[in-house]
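Read through the structure below, which is laid out as structure tokens, and then see the notes.
Rule-based calculations on the coordinates, nothing more; no lab input. Just so it is clear, the model here is predicted, and its values are computed rather than measured. Neighbour counts are summed over all protein chains in view; Cβ atoms, including those assigned to glycine, are modelled from backbone coordinates with ideal geometry.
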């Protein structure tokens with residue numbers, strides 16, 4: 001059994017390319033509020049080109065880098081907006097690259113936590129997160145079940161790229177503590 005005191009490396013990415021993305025702000029807050037033994041690295045998905053199976057054997061360097069970071073991470077943290085009641089294309093594209101070629105799924109057996117924010121409704125990004133679950137399952141990932149964070153009305157909770165709502169900051173911190181426990185539990 002591995003030492004539970006070791007620093008846990010978390011690779012985090014947002015399913016949004018928007019400069020002032022609410023979901024990028026969530027990752028920034030998660031990084032700041034993570035337990036002391038967690039090191040959260042935020043990866044920018046804008047470097048990942050559109051998936052093309054013809055390029056699987058000659059992957060772009062950005063994809064190789066992404067795959068390696070996932071493989072060396074103890075867990076994956078995904079912040080996703082909701083586009084048309086599902087997951088954004090940029091997120092699905094990155095997941096497709098990282099899970100290929102066949103028999104080289106970088107996500108295999110990884111703990112994962114998913115959350116998301118939208119400026120809209122009270123149900124936050126629930127449809128996107130629900131749509132993402134079968135993909136995570138197929139890739140043999142292990143999602144954190146509680147707490148689930150579906151954050152609506154983000155424009156009132158996030159300002160200038162920072163989560164300013166104290167209740168939301170507490171929820172994010174709680175999720176990160178639970179994610180730490182989940183990773184350690186799965187190791188045993």
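A few points about this structure:
- Shown for 22, 83: other C-beta atoms within 10 Å of each C-beta, ranked fewest to most, produce the order 83, 22.
- Using only Cα coordinates, the Kirkwood hydrodynamic radius of the chain works out to 16.6 Å.
- In terms of its C-alpha gyration tensor, segment 1-104 comes out oblate, because a/c is 1.5 or above while a/b does not outweigh b/c.
- One way to sum up the overall shape of segment 1-55 is the equivalent ellipsoid from its Cα gyration tensor, whose semi-axes run 27, 18, 6 Å, largest first.
- Share, in percent, of DSSP beta bridges within the chain that are antiparallel, nearest 5: 15 percent
- Residues residue 46 and residue 186, FRET efficiency given R0 of 41 Å [Cβ-Cβ distance, rounded to 0.05]: 0.85
- Value at 222 nm in deg cm²/dmol, rounded to 500, when DSSP H runs of n ≥ 4 in the chain each add -39,500 (n - 2.57): -11500 deg cm²/dmol
- Residue exposure proxy: 162, 109, ordered by other Cβ atoms within 10 angstrom of their Cβ from fewest to most, comes out as 109, 162.
- Cα gyration tensor shape of segment 130-180, rounded if a/c is under 1.5, else prolate or oblate by comparing a/b with b/c: prolate
- The ranking of 58, 72 by Cβ neighbour count inside 10 Å, starting from the fewest, reads 58, 72.
- If you take the Cα centroid of segment 6-24 and the Cα centroid of segment 76-144, the two points sit 12 Å apart.
- Every Cα-Cα pair in segment 89-162 was counted, and those over 17 Å apart are 52% of them.
- Label-to-label distance, nm, for residues given as residue 162 and residue 123 (7 Å Cα→Cβ offset): 3.4 nm
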